[in-house]
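J.: Below is a structure I'd like to ask you about.
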Amino acid sequence: MTDTTPDLPPAVRTLVDATNAGDSARFLTAFTDDGFLDDWGRQFRGHDELASWDRTDNIGKRARFEVTGLRDGSTPDEVLLDLTVSGDGYNGPATFTILLRDGLIASLVIS
């Protein structure tokens with residue numbers, strides 16, 4: 001990430017940095033215990049399912065995130081993270097709609 005990248009909430013920073021470092025254990029610490037992820041309609045809930053998605057679609061595919069923007073969402077606890085994804089899976093732009101709860105990611109919707 002460059003110094004032109006917006007300041008990210010700590011859990012979002014953990015999500016990005018852990019993915020880029022290939023650190024699956026740290027990746028999970030960004031989420032609440034009941035964290036939810038929707039990857040274009042495929043849904044995962046809780047750390048076990050999030051770990052499975054991470055293995056098959058994220059760090060397991062050597063994904064890298066380059067943050068291109070951060071915007072406010074529709075509620076005070078929601079942010080929209082714009083990024084470019086690269087790796088051995090999906091490559092291209094994405095927006096993550098992230099709902100934070102108690103400083104962690106409660107919900108992440110990929111679109």
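J.: Tell me the mean residue ellipticity at 222 nm calculated for the chain from its helices only (DSSP H runs of n ≥ 4, each -39500 (n - 2.57), averaged over every residue, nearest 500).
T.: One gets -7500 deg cm²/dmol as the mean residue ellipticity at 222 nm.
J.: Please work out the Cα convex hull volume for the range 10-110 and give it in Å³ per residue.
T.: For the range 10-110, the hull spanned by Cα atoms encloses 84 Å³ per residue.
J.: While we're here: Starting from the Cα-Cα distance between residue 82 and residue 29, subtract it from 0.36 nm times their residue separation and give me the gain in nm to one decimal.
T.: 17.0 nm
J.: Report the local net charge at residue 88: Lys and Arg +1, Asp and Glu -1, summed over other residues whose C-beta lies under 12 Å from its C-beta.
T.: +2
Every number here is computed from the coordinates shown, using simple stated rules; none is lab data. The model shown is predicted, which means the values in this text are computed figures rather than measured ones. Reconstructed Cβ throughout: ideal geometry from the backbone, glycine too, with neighbour counts over all protein chains shown.
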